[in-house]
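Chemist: Have a look at this one before I ask anything.
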């Protein structure tokens with residue numbers, strides 16, 4: 001306490017030579033205001049030092065970094081200000097200052113400076129006296145100054161830790177609240193003059209900290225995060241946004257695209273030659289075929305009615321919110337806004353596979369193609385046909401390679417490619433039609449998924465992605481609207497990026513933003529090449545949505561701000577806090593692809609967790625079936 005009084009005496013004596021103006025309410029009153037301005041610099045300095053620490057360590061706060069932030073916050077907003085507040089009171093009360101004889105003077109001709117500064121009641125007593133007294137209004141003004149000072153200290157803390165974990169802010173402004181409560185026992189006029197100097201400096205400091213804090217937040221991207229030192233252990237209550245590196249099974253070898261022989265067109269179709277159906281082997285890649293220009297077959301009005309199965313007769317289904325989706329089931333699109341089908345197109349039999357497909361209706365149109373609901377007239381089954389318009393030959397060759405590779409994937413949770421044919425309107429990719437609802441609608445209508453169902457969903461989708469990755473096919477756009485839940489509750493992964501150009505999940509050819517990039521991996525949003533780690537991040541974000549109903553980074557007002565948030569690697573603030581999968585989701589959503597667990601690691605860990613819970617990996621994701629129901633006896 002003695003050292004605090006000496007420090008306050010030194011500052012007051014030094015400031016008195018600069019600010020000691022003998023005007024009402026007195027030279028020592030103005031010196032006390034100048035001391036308050038000096039105290040107002042302390043929170044700003046602490047915030048700027050925190051920004052410097054963030055520039056060094058990034059957004060990964062270990063125990064040492066957390067201790068540094070705590071020391072800076074408590075010292076700059078509580079310890080040193082309290083020492084100077086109480087020290088100035090004791091120094092003025094004992095009149096131990098040089099020139100203290102002027103405390104007995106009366107610049108306002110009503111009271112002496114000593115009576116004004118140290119003889120006034122506390123703010124609590126001033127309010128107890130009630131309205132009508134001078135000190136009541138002085139106390140009211142002091143309370144307003146205290147609230148304004150607290151506001152700008154909070155703004156400084158928020159700017160210093162912008163786009164990072166929120167907990168360090170709590171070691172800045174709550175100690176200042178403690179300071180204000182502690183100083184309420186001091187004379188109200190003394191505190192009022194100190195806060196009168198503190199407030200404008202805190203206001204200016206909030207602007208300075210915001211400028212430097214914004215540049216630091218832009219620099220603190222995942223690539224700059226250095227994590228915690230190997231010699232230190234992680235804190236007991238570490239931030240959910242910055243987990244330690246995942247320690248799991250070894251990662252698989254680097255991703256290698258599938259080696260598929262180049263496409264060679266076959267001679268044009270000759271209708272005069274006899275056609276003998278040939279059944280292709282299961283593992284033989286589907287070869288594209290070329291046909292003469294489209295010829296519309298004349299059909300009777302009866303043929304223009306929607307064919308069986310009866311699910312086609314329902315209302316049009318809504319589509320994914322990015323270009324080039326596969327169709328959802330009709331049951332998912334009740335009331336959804338979809339493009340109205342062209343009546344002249346309904347019932348057409350057009351060129352792909354020799355006119356064997358009859359168009360039922362157009363399901364959607366994107367920047368890269370058109371999706372049709374059609375019926376295979378030879379096999380009598382409903383299919384989805386995507387007519388993709390490749391902008392260049394290289395893109396078309398990639399689409400052919402990946403479509404042929406995906407056609408060889410046999411997985412119950414992965415959409416199948418049946419055929420690939422050339423058409424004057426574009427490359428026609430004939431795919432499996434999934435009758436169901438998107439996971440996004442399932443969550444909105446039926447509620448959030450339980451941990452066991454979310455684990456089953458994660459495992460099934462990871463298996464489907466791994467099967468595609470083994471064939472060299474990346475999805476590039478995993479999100480809740482691209483996971484379809486059929487009538488039995490089984491989840492299917494659709495809309496692989498075989499018919500999507502680079503960047504097409506966020507921008508059209510004209511540069512207009514479509515859909516939402518809330519589920520884009522940070523590196524993909526920055527324009528880097530997609531990888532299996534990108535698919536794994538997007539799958540983890542989809543599972544997090546199923547558990548919370550929110551994208552992991554939170555929702556934004558428009559797609560542009562969502563894309564910027566993804567590219568800047570903003571932390572995931574909407575993770576399920578009380579879920580058993582919180583830790584695994586935190587590591588799987590790491591901003592650095594090298595620190596994420598592989599799909600194989602996730603499948604192994606979740607498979608073990610489900611086994612211990614007594615739940616099978618296969619089954620519906622909308623309801624839990626632990627064991628088969630006993631057989632029902634036939635009615636006699």
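Chemist: Answer yes or no: is there a residue in the range 418-427 that is in contact with a helix residue (DSSP H, G or I) (Cβ under 7 Å, 6 or more places away or on another chain), modelled with pLDDT of 85 or more and either surrounded by 23 or more Cβ atoms within 10 Å (Cβ to Cβ) or not assigned by TED's automatic domain parsing to the domain that holds residue 369 (or both).
Modeler: no
Chemist: Another question, then. Every residue in the range 440-466 that is without any contact (Cβ under 8 Å) to a residue 60 or more places away in the chain and either buried (at least 20 other Cβ atoms within 10 Å of the Cβ) or in a helix (DSSP H, G or I) (or both), please.
Modeler: Across the range 440-466, the qualifying residues are 445, 464.
Chemist: Can you say whether residue 469 is outside the structural domain of residue 387 (by TED's automatic domain parsing) and not in a helix (DSSP H, G or I), as far as the supplied structure shows?
Modeler: no
Chemist: Continuing with this model, one more query. Under the condition of being in a helix (DSSP H, G or I) and in contact (Cβ under 8 Å) with a residue 24 or more places away in the chain, which residue from the range 9-29 is farthest from the chain's Cα centre (by Cα)?
Modeler: 27
Chemist: Here is a further query. Evaluate the range 195-204: report whether one residue or more is under 30 Å from residue 63 (Cα atoms), buried (at least 19 other Cβ atoms within 10 Å of the Cβ) and not assigned by TED's automatic domain parsing to the domain that holds residue 586.
Modeler: Yes, there is a match, as at least one residue in the range 195-204 is under 30 Å from residue 63 (Cα atoms), buried (at least 19 other Cβ atoms within 10 Å of the Cβ) and not assigned by TED's automatic domain parsing to the domain that holds residue 586.
Chemist: Also: Suppose the filter is at pLDDT 85 or above, within 24 Å of residue 186 (Cα to Cα) and under 43 Å from the mean Cα position of the chain (by Cα); does residue 88 pass it?
Modeler: Criteria not met by residue 88.
Chemist: In the range 593-619, which residue that is modelled with pLDDT of 90 or more and part of a loop (DSSP other than H, G, I, E, B) is nearest to residue 493 (Cα to Cα)?
Modeler: Out of the qualifying residues, it is 598.
Chemist: Report every pair of residues separated by at least 6 positions or lying on different chains whose Cβ atoms are under 7 Å apart, first residue within the range 585-608 and within 13 Å of residue 465 (Cβ to Cβ), second assigned to a loop (DSSP other than H, G, I, E, B) and modelled with pLDDT of 90 or more.
Modeler: 588/596; 588/597
Chemist: Does residue 577 count as crowded, with 17+ Cβ neighbours inside 10 Å, at pLDDT 85 or above and not assigned by TED's automatic domain parsing to the domain that holds residue 166?
Modeler: It is false that residue 577 is crowded, with 17+ Cβ neighbours inside 10 Å, at pLDDT 85 or above and not assigned by TED's automatic domain parsing to the domain that holds residue 166.
Condition check ((1) surrounded by fewer than 20 Cβ atoms within 10 Å (Cβ to Cβ); (2) at pLDDT 85 or above) across all residues:
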position	(1), (2)
7	yes, no
19	yes, no
24	yes, no
43	no, yes
49	yes, yes
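Chemist: Hey, any hits in the range 391-402 for a residue that's at pLDDT 85 or above and within 14 Å of residue 495 (Cα to Cα)?
Modeler: Checked the range 391-402: no residue is at pLDDT 85 or above and within 14 Å of residue 495 (Cα to Cα).
Chemist: Give me the residue from the range 51-74 that is buried (at least 19 other Cβ atoms within 10 Å of the Cβ) and over 26 Å from the mean Cα position of the chain (by Cα) and, out of that set, farthest from residue 199 (Cα to Cα).
Modeler: By that ranking, first place goes to 72.
Chemist: For the range 405-413, does any single residue satisfy the condition of being part of a strand (DSSP E or B) and not assigned by TED's automatic domain parsing to the domain that holds residue 459?
Modeler: No, because not a single residue in the range 405-413 is part of a strand (DSSP E or B) and not assigned by TED's automatic domain parsing to the domain that holds residue 459.
Chemist: Report whether or not residue 527 is out of contact with any strand residue (DSSP E or B) (no Cβ under 6 Å at 6 or more places or on another chain) and modelled with pLDDT under 85.
Modeler: Taking the combined requirement at face value, the residue satisfies it.
The values are calculated or read from the model by the stated rules, or taken from the named source; none is laboratory data. Treat the numbers as computed from the prediction; the structure is a model and nothing was measured. Positions of Cβ are generated from backbone atoms using ideal geometry, with glycine treated the same way; all protein chains shown enter the neighbour counts.
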